[in-house]
Amino acid sequence: METVTLTIDGMEVRTQKGASILEAALARGIYIPHLCHHPDLGPFGACRLCLVDVNGRMLLACYTPVAEGMKVSTETGALASIRKMTMMLLLNDHPSDCTVCSKDSKCDLQKVSAHLGITKADLAILRPARRENPVDTSNPFFDRDLAKCILCGICVRTCDEIQGAGAIDFGFRGSKTTIATLWDRPLAESNCESCGECLVRCPVGALVPKGAKEPSREVRTTCPYCGVGCQFFLGMRGNEVVSSRGYRGSPVNHGELCAKGRFGHSFVNHKSRITKPLIRKDGKLVKTSWEEALTHVATRLAGYKGDAFAALCSAKCTNEDNYVIQKLARAVMGTNNIDHCARLCHAPSVAGLAQSFGSGAMTNSIEDLLETKCFLAIGTNTTSAHPVIGLRIRKAVRNGAKLIVANPREIELCRISDMFLRQRPGTDVALLSGLARIILDEGLEDREFIAQRTENFDEFRKSLEAFDTATVERITGVPAEELRHAARMYATVKPAALLYSMGITQHSHGTDNVLACGNLAMLTGNLGKPGAGVNPLRGQNNVQGSCDMGGLPNVFPGYQRVDSAEARLKFEKAWGVALPSKPGLTLTEIFDGAINKAIKAVYLVGENPVLSDPDAHHVEKGIKSLEFLVVQDLFLTETAEMADVVLPATSFAEKDGTFTNTERRVQRVRRAIEPLGRPDWLVTCQIAKAMGAKGFDFQDPAGIMAEVASLAPQYGGVTYDRLEGPAGLQWPCPSKDHPGTPILHTAKFNTPSGKGKFVPLGYIPPKELPDDEYPFLLTTGRSLYHFHTGTMTRKSDGLNVLHPREFLEIGPEDAGRLGISDGERIVVSSRRGKVEATAKVTAASPPGVVFMTFHFAESRTNLLTSPHLDPVAKIPEAKVCAVKVEKA
Amino acid sequence: MEEVLGRFKGSRGELIGILQAVQERLGYLPERAMLRIARFTKVPESQVFGVSSFYAQFRFKPVGRRRVMVCQGTACHVRGGAKILDEIEKRLKIRPGGTTPDLEYSLDTVACIGACALAPTIMINKDTFGRLTQKKVGDIFGGTPEKGGE
């Protein structure tokens, strides 16, 4: 680091070259008044308060880089009078209702005014010139009082530089200048993403949270929504969660949060939380004691030992919760029938990447994405489903990285992409193989990487013969020229990161899609390097962890196969019981099993399959066929209403534990309030103990993690003490002195041969395509403002305001042909069911394709979706089914 | 619209030129055009609006076929420019910034059109009319002034 020495007010200051005078002074503890400077943002020079004298010239300290030998004076008579007048003019415009302003005592305008010693008498010489702006209350989480705005531009720059949304800018001119959205409309009608990043940076009372309650204490913990795993300080008053504040020390989110992470925690104290166990008596669920409920569950379950029982663990629960649930299923109930919603999201990633690379997880780290020079984002609406990873992409693109979006829908990222490949849904193998073929034909492959690090290349090359550009154009609908351009971009701009999500996995050939991603990355040598990789973005906060913990029917914790005698022996020895060797049923097979009476009892924790699983009628039928269903949840979900016993669980705010995020980072979850139910791990252990099982005497989650570490090699070095740091630990972390692994496969792959394996593929169309009767292709996804079945987000009033009901997105031509207008009620039906929704006419949907989310119990999209399964991963084809659309 | 955009590369720096070209073609900047320009240049839509609302030359409402610019510069002011404006307002029944419902006229005031010797003056599109009186205004615009109007 090159340093520069200058003097500020006669004091020698050494600082980094390139720093501004203001940064150098503030770092040295020398205060120079300023309002528009923010350490997260570039210099702006709007407030003119940081003027300093440099060798006799007046310069803006924020905009002037330090130079060797520079002599800076921060106070001269002239500076004082200029600053004073500048400040007087600002104050003259500003309402003086400080005592009832929620920014009182935290307001920079107050601070600077006090520093400069502005008096009432000073202001009396100015004619009052207050702007009359009505307060914009349209956003459900914060108000915008532009009368208090000092036009520092911090919100504008935050929205642009940090969030990359650009919802606001300076509008109009001169005395009419204001912060405006497009057409100066209320914020809620703009493309504002309600992240609240502007709110936390506003130096005055212009942006204030609605119903602001300052927390009386805070606890650092992990966000319970998506797989990004943002770290924040949860704020409480008494036992009520009142705020969340991003943790700047985290390498995951650097203090940034999305709308859900910042404002979506009111579900914790929601009045509809269940706090007492419920038991079905005379057909009705009635309150009962914990003792009765646990005894009843233990007694009934004892009658279903073996393969008549299945457990569904939860990607929302902690690693410790999941570990004990799978231990209960395997060691107490004697079955490998355990699965969870990973089956519906990334089962193909686990299966496919394990085949290609030997490890089914994101190969690189989130922070790594800032080093990426070219992104291929396929089947991921990142800014909606993984918002903070979306910010990394936006930032990298801002810094010059290329972005190729491949998606049937025109997603938000298309706004900044270099290329938008609009493949037909379900044609990803053809698209990815087509790109690979072009790369090979043009000699752009990484020959050295292929030769040294991979195997099976010749078979793969042969398989690409079927994917000539003309054929691929015909299958995917992507013009040949765009295919060539994209292939060249991905192959030559390095490092290139491939990001994908449900758009790749939720297909009847989802595993093939994943393998095609692996092939393309290996072909270009984009593995084992910073900024590269194959990066499945995992949906749930702990879906990575619940897979790691063995919440899958074929593997013990740490992906050790149940059909391996060696692995079984290890676990039998550790748990002191004989274990079943037959892999169990998957989530989708469990409901089939229920219908044909092979499965009789289910213990279901923190899932809501009635809404989340494709072909929901089928799932419902399965649940109704069960003899005994125990549901453990925060709320009486649509699934819990059908249970025989409901056990009140605890949210992330009420228990200790760990979540493992999408980049394999194990992070702490910390108890912040008194539990309203009982911690999930404790409930499961109590059931096991009531059944007379040994090995469930855990004192706390740290004890469970110690057992995990002793059995799962990836977690070998994970202890709660080590997780206290700001970054947690990224697995594999095999030993106590191992620092964790930010990038996988740097020297060799995890396969038996240590080489990455190319897998030849063929194109298989989706199982159900539009026809005369059902002429539209329905594809599903998530909204920025809700999470999955809405069990949590639908209990946040604000999020419901932003996205109140189910919309069916349909292209303008299709809507016009059907005579459907924007906002009209419509009925969508498939071979399996029908639902009502509101039409949203948007060019984001290509002709013939419609889109829905699955967040709304009143519009159950999954009544429509297809039950066709991927043969390997058994994931249903939620991304493609045929529907018709009619006026309601 | 697409034809106009076809003349540009879509870089951020072209924004003002694109706004001008689109306005020249459409007469004003409707919201749909601004959204299209935002996409074309990859500039956030709020910034497209911010830039266009900063410059007085950009219009957000449809403009009449004949754009009337009434000079209120010093020379015209001294020679009764205000009365001329008043008379035109009465005859067209619109205020400065407005457009007649038949989209025939829109009315604006300007600071000086550089024809002070002819004061008071107005311009209609590219034609200049000088040494105006209330009667001459009547000859140009026709119609009957509403007595005791605004």
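The values are calculated or read from the model by the stated rules, or taken from the named source; none is laboratory data. None of the values given here were measured: they were computed from a predicted structure. Glycine gets a Cβ as well: all are built from the backbone with ideal geometry, and neighbour counts include every protein chain shown.
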Item to check | Conditions (1) at pLDDT 95 or above; (2) farther than 25 Å from A:Gly255 by Cα; (3) part of a helix (DSSP H, G or I); number of the one not met by A:Leu59 | outcome: (3)
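For a quick check of your reading: which strands (runs of 3 or more DSSP E) sit entirely within segment A:613-709 and have at least 3 residues that are crowded, with 22+ Cβ neighbours inside 10 Å and out of contact with any Leu (no Cβ under 8 Å at 6 or more places or on another chain)?
Details: elements: A:628-633, A:645-648, A:657-660, A:665-669.
In segment A:613-709, A:657-660 are the strands (runs of 3 or more DSSP E) which contain 3 or more residues that are crowded, with 22+ Cβ neighbours inside 10 Å and out of contact with any Leu (no Cβ under 8 Å at 6 or more places or on another chain).
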Checklist entry - Which of the following residues is more than 14 Å from every other protein chain (Cβ to nearest Cβ) and among the hydroxyl-bearing types (Ser, Thr, Tyr): A:Ser190, A:Ser194? => result A:Ser194
Next on the checklist: Please go through (1) within 13 Å of chain B (Cβ to nearest Cβ); (2) surrounded by fewer than 17 Cβ atoms within 10 Å (Cβ to Cβ); (3) at positive phi for A:Gly166 and return the number of the only condition it doesn't satisfy.
Outcome noted: (2)
Checklist entry - Restricting attention to segment A:57-75, does a residue exist that is basic (Lys, Arg) and exposed (fewer than 12 other Cβ atoms within 10 Å of the Cβ)? => result yes
Checklist entry - Looking at (1) within 28 Å of A:Ala706 (Cα to Cα); (2) more than 35 Å from the chain's Cα centre (by Cα), which is the only condition A:Ala351 fails? => result (2)
Item to check | In segment B:15-53, the residues that are away from chain A (no Cβ under 12 Å) and at positive phi | outcome: B:Gly27
Checklist entry - Looking only at helices (runs of 4 or more DSSP H) that fall completely inside segment A:231-327, which ones have 2 or more residues that are under 22 Å from the mean Cα position of the chain (by Cα)? => result A:259-263, A:319-327
Next on the checklist: So the check is Cβ under 8 Å with 6+ separation or different chains; which pairs have a first residue in segment A:412-440 that's free of Cβ contacts under 8 Å to residues at least 12 places away in the same chain and a second one that's among the basic types (Lys, Arg)?
Outcome noted: A:Arg415/B:Arg39; A:Arg415/B:Lys42
Checklist entry - Which number in (1) under 25 Å from the mean Cα position of the chain (by Cα); (2) within 15 Å of A:Arg805 (Cβ to Cβ); (3) crowded, with 22+ Cβ neighbours inside 10 Å marks the one condition that A:Ile875 misses? => result (2)
Checklist outcome for this item: Taking first residues from segment A:604-619 that are acidic (Asp, Glu) and second residues anywhere that are part of a helix (DSSP H, G or I) and crowded, with 24+ Cβ neighbours inside 10 Å, the pairs with Cβ under 8 Å that are 6 or more apart or on different chains are A:Asp613/A:Leu344; A:Asp613/A:Leu587; A:Asp613/A:Thr588; A:Asp613/A:Phe591; A:Asp613/A:Val619; A:Asp613/A:Asn862; A:Asp615/A:Asn862
Checklist entry - Which residue pairs have Cβ atoms under 7 Å apart, sit 6 or more places apart or on different chains, and have a first residue in segment A:576-587 that is on the phi > 0 side of the Ramachandran plot and a second that is part of a loop (DSSP other than H, G, I, E, B)? => result A:Gly576/A:Lys694; A:Gly576/A:Gly695
Next on the checklist: Against the definition (without any contact (Cβ under 8 Å) to a residue 60 or more places away in the chain and within 20 Å of A:Val204 (Cβ to Cβ)), how does A:Arg48 come out, yes or no?
Outcome noted: yes
Next on the checklist: Looking at B:Asp127 and the list (1) surrounded by fewer than 19 Cβ atoms within 10 Å (Cβ to Cβ); (2) in contact with a Ser or Thr (Cβ under 8 Å, 6 or more places away or on another chain), which single condition is not satisfied?
Outcome noted: (2)
Checklist entry - Of all the strands (runs of 3 or more DSSP E) wholly in segment B:27-129, which have at least 1 residues that are among the small types (Gly, Ala, Ser)? => result B:105-110
Checklist entry - Does any residue of segment B:68-84 turn out to be under 18 Å from the mean Cα position of the chain (by Cα), within 14 Å of chain A (Cβ to nearest Cβ) and not hydrophobic (A, V, I, L, M, F, W, C)? => result no
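Is it the case that A:Ser581 is surrounded by fewer than 19 Cβ atoms within 10 Å (Cβ to Cβ) and among the hydroxyl-bearing types (Ser, Thr, Tyr)? First the steps, then the outcome.
Working: surrounded by fewer than 19 Cβ atoms within 10 Å (Cβ to Cβ): yes; among the hydroxyl-bearing types (Ser, Thr, Tyr): yes.
Against the criterion (surrounded by fewer than 19 Cβ atoms within 10 Å (Cβ to Cβ) and among the hydroxyl-bearing types (Ser, Thr, Tyr)), A:Ser581 qualifies.
Give, as residue ranges, the strands (runs of 3 or more DSSP E) completely inside segment A:365-446 that count at least 1 residues that are farther than 16 Å from A:Thr492 by Cα and touching a Ser or Thr at 6+ places or on another chain (Cβ under 6 Å). Let's see the steps before the verdict.
Details: elements: A:374-378, A:402-406, A:419-421.
In segment A:365-446, A:402-406 are the strands (runs of 3 or more DSSP E) which contain 1 or more residues that are farther than 16 Å from A:Thr492 by Cα and touching a Ser or Thr at 6+ places or on another chain (Cβ under 6 Å).
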Next on the checklist: Suppose we filter A:Leu257, A:Leu182, A:Leu207, A:Leu199 for residues that are aliphatic (A, V, I, L, M) and within 14 Å of chain B (Cβ to nearest Cβ); which single one remains?
Outcome noted: A:Leu182
Next on the checklist: Take the residues in segment B:54-67 that are within 14 Å of chain A (Cβ to nearest Cβ) and not polar (S, T, N, Q); name whichever of them is nearest to A:Gly153 (Cα to Cα).
Outcome noted: B:Phe54
Checklist entry - Which pairs have Cβ atoms under 9 Å, sit 6 or more apart or on different chains, and link a residue in segment A:741-754 that is in contact (Cβ under 8 Å) with a residue 24 or more places away in the chain to one that is acidic (Asp, Glu) and not in a loop (DSSP other than H, G, I, E, B)? => result A:Pro742/A:Glu367; A:Pro742/A:Asp368; A:Ile743/A:Asp368; A:Thr751/A:Glu455; A:Ser753/A:Glu455
Checklist entry - For segment A:472-490, how many residues meet the condition of being over 15 Å from A:Ala516 (Cβ atoms) and either part of a helix (DSSP H, G or I) or touching a residue at least 60 places away in the same chain (Cβ under 8 Å) (or both)? => result 9
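Check whether at least one residue in segment A:532-541 is closer than 30 Å to A:Ser625 by Cα and surrounded by 24 or more Cβ atoms within 10 Å (Cβ to Cβ), and report yes or no.
yes
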Checklist entry - Has segment A:481-489 got at least one residue that is within 30 Å of A:Met852 (Cα to Cα), buried (at least 16 other Cβ atoms within 10 Å of the Cβ) and out of contact with any Gly (no Cβ under 7 Å at 6 or more places or on another chain)? => result yes
Checklist outcome for this item: Subset of segment A:533-554, residues part of a loop (DSSP other than H, G, I, E, B) and touching an Asp or Glu at 6+ places or on another chain (Cβ under 8 Å), comes to A:Gly533, A:Gly551, A:Pro553, A:Asn554
Checklist entry - Just one of A:Arg474, A:Arg561 is closer than 30 Å to A:Cys317 by Cα and surrounded by fewer than 24 Cβ atoms within 10 Å (Cβ to Cβ); which is it? => result A:Arg561
